[in-house]
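Here's the structure, in structure tokens; my notes come after.
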Amino acid sequence: MKTGLIMEGGAMRGMFTAGVIDVLMEAGVCFDGAIGVSAGAVFGCNYKSRQIGRVIRYNKAYCQDPRYVSFRSLLRTGDIYGEEFCYHELPDRLDPFDVKTYEENSMDFYVVCTDVETGKPVYHNCLKGDAEDIQWMRASASMPALSRFVNLDGHMLSDGGTADSIPVRFFESIGYERNVVILTQPEGYVKKPNQLLPLLRILLRKNPALIQALENRHERYNETIAYIKKQELCGNLLVIRPEAALNIGAVERHPEELERVYQLGRKEGEKRLAEVEEFLADKR
């Protein structure tokens, strides 16, 4: 029975996920595979490279650096999170991503992207953690209208959360039967239609399938949450979520706010650690 870790996105709500996974890594909790969406991809990849603390460290260090994230970067390059800085200079030089450990770790690590031309999800197993895999992670986190599309493997790709925000069913379909899900919204959260849809329809008018996926995203999300809740009550999934809304934006320039949400994740991870270990050990 394969064990899996599934990580929702949510921009800087991903600091909660970073706190949870650091606790799990410190405790030596292992999974056969993991899958991340958007922030869950670019932060969750550190589970496979076993780099405890890296996510909170570099985010606090560079959150005020306009090369990392800024509207100046968006205007100049088309990416609010600077592509050159975030996906080259940072992992290659400033806070190196451990490619060797990543590749040697037998755990699979999947990311979810959205195919701009079809509006459907694309799932990719990042086996090596090399420059191409980093681009797949970038694509998963490329927010529509705030990031350029990424051309990979014959697909024009955008943020994975548009097509499949919480890929539980996909992971189950490829044989992961004992899954831990990290959500970044509290229990009872209901996603509403995107208030920016009128603007997005204008900005993305050349991409009708992507617009349609964005229009229907809240319905798919809420249906998936209902499925997760049902499976959680049946004991088929273990879900870790914040106790209350994290109240942090997609762009956060204050290190203390990043630390606050990270510590909420650590607290929840520590509280649920024994339960996670027992859940993964149960091979029913």
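The values are calculated or read from the model by the stated rules, or taken from the named source; none is laboratory data. Keep in mind it's a predicted model, so treat the numbers as computed, not measured. Note: ideal-geometry Cβ built from the backbone for every residue, glycine included; neighbour counts use all protein chains shown. For the accessible areas, the whole protein counts, side chains as well, though only heavy atoms, and no ligand, DNA or RNA atoms are used. Shrake-Rupley method; radii C 1.70, N 1.55, O 1.52, S 1.80 Å.
Consider region 110-121 and keep the residues that are open to solvent by 20 Å² or more (accessible area, probe 1.4 Å) and in a strand (DSSP E or B). The one that is nearest to ASN179 (Cα to Cα) is TYR110. I'd like to know if region 127-144 contains one or more residues that are basic (Lys, Arg), part of a helix (DSSP H, G or I), under 28 Å from GLY78 (Cα atoms) and touching a residue at least 24 places away in the same chain (Cβ under 8 Å). Within region 127-144, one or more residues are basic (Lys, Arg), part of a helix (DSSP H, G or I), under 28 Å from GLY78 (Cα atoms) and touching a residue at least 24 places away in the same chain (Cβ under 8 Å).
Rundown of residues vs (1) over 21 Å from the mean Cα position of the chain (by Cα); (2) open to solvent by 30 Å² or more (accessible area, probe 1.4 Å), yes/no style:
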| residue | (1), (2) |
| --- | --- |
| ASN222 | no, yes |
| TYR227 | no, yes |
| LYS230 | yes, yes |
| GLY249 | no, yes |
| VAL261 | no, no |
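Of the set (1) surrounded by 12 or more Cβ atoms within 10 Å (Cβ to Cβ); (2) part of a loop (DSSP other than H, G, I, E, B), all apply to GLN195 but (1).
The single condition among (1) at pLDDT 95 or above; (2) open to solvent by 30 Å² or more (accessible area, probe 1.4 Å); (3) in contact with a strand residue (DSSP E or B) (Cβ under 7 Å, 6 or more places away or on another chain) that GLU177 does not satisfy is (1). Listed by first and then second residue, the pairs with beta-carbon distance under 7 Å, at least 6 apart or on different chains, first residue in region 215-226 and under 16 Å from LEU197 (Cβ atoms) and free of Cβ contacts under 8 Å to residues at least 60 places away in the same chain, second open to solvent by less than 70 Å² (accessible area, probe 1.4 Å) and in a helix (DSSP H, G or I), are GLU215/LEU197; ARG217/THR162.
Just one of the listed residues (LEU210, LEU246) is in contact with a Leu (Cβ under 8 Å, 6 or more places away or on another chain) and part of a loop (DSSP other than H, G, I, E, B), namely LEU246. Taking ARG266 as the residue in question, decide whether it is buried (at least 18 other Cβ atoms within 10 Å of the Cβ), among the basic types (Lys, Arg) and farther than 24 Å from ALA61 by Cβ. It is false that ARG266 is buried (at least 18 other Cβ atoms within 10 Å of the Cβ), among the basic types (Lys, Arg) and farther than 24 Å from ALA61 by Cβ.
Taking region 3-30, which residues are assigned to a loop (DSSP other than H, G, I, E, B) and crowded, with 22+ Cβ neighbours inside 10 Å? Before the answer, list the steps.
Filtering region 3-30 down to residues assigned to a loop (DSSP other than H, G, I, E, B) leaves 8-10, 27-30.
The answer is GLU8, GLY9, GLY10.
Within region 90-104, the residues that satisfy the criterion of being in a loop (DSSP other than H, G, I, E, B) and crowded, with 16+ Cβ neighbours inside 10 Å are ASP95, PHE97, ASP98.
Tell me the residue from MET107, MET156, MET143, MET137 that is over 30 Å from LEU233 (Cα atoms), over 15 Å from the mean Cα position of the chain (by Cα) and either buried (at least 16 other Cβ atoms within 10 Å of the Cβ) or modelled with pLDDT of 95 or more (or both), please.
The conditions single out MET156.
Conditions tested, residue by residue: (1) open to solvent by 20 Å² or more (accessible area, probe 1.4 Å); (2) without any contact (Cβ under 8 Å) to a residue 60 or more places away in the chain.
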| site | (1), (2) |
| --- | --- |
| ILE182 | no, no |
| GLN185 | yes, no |
| LYS191 | yes, yes |
| LEU203 | yes, yes |
| LEU210 | no, no |
| ALA213 | no, no |
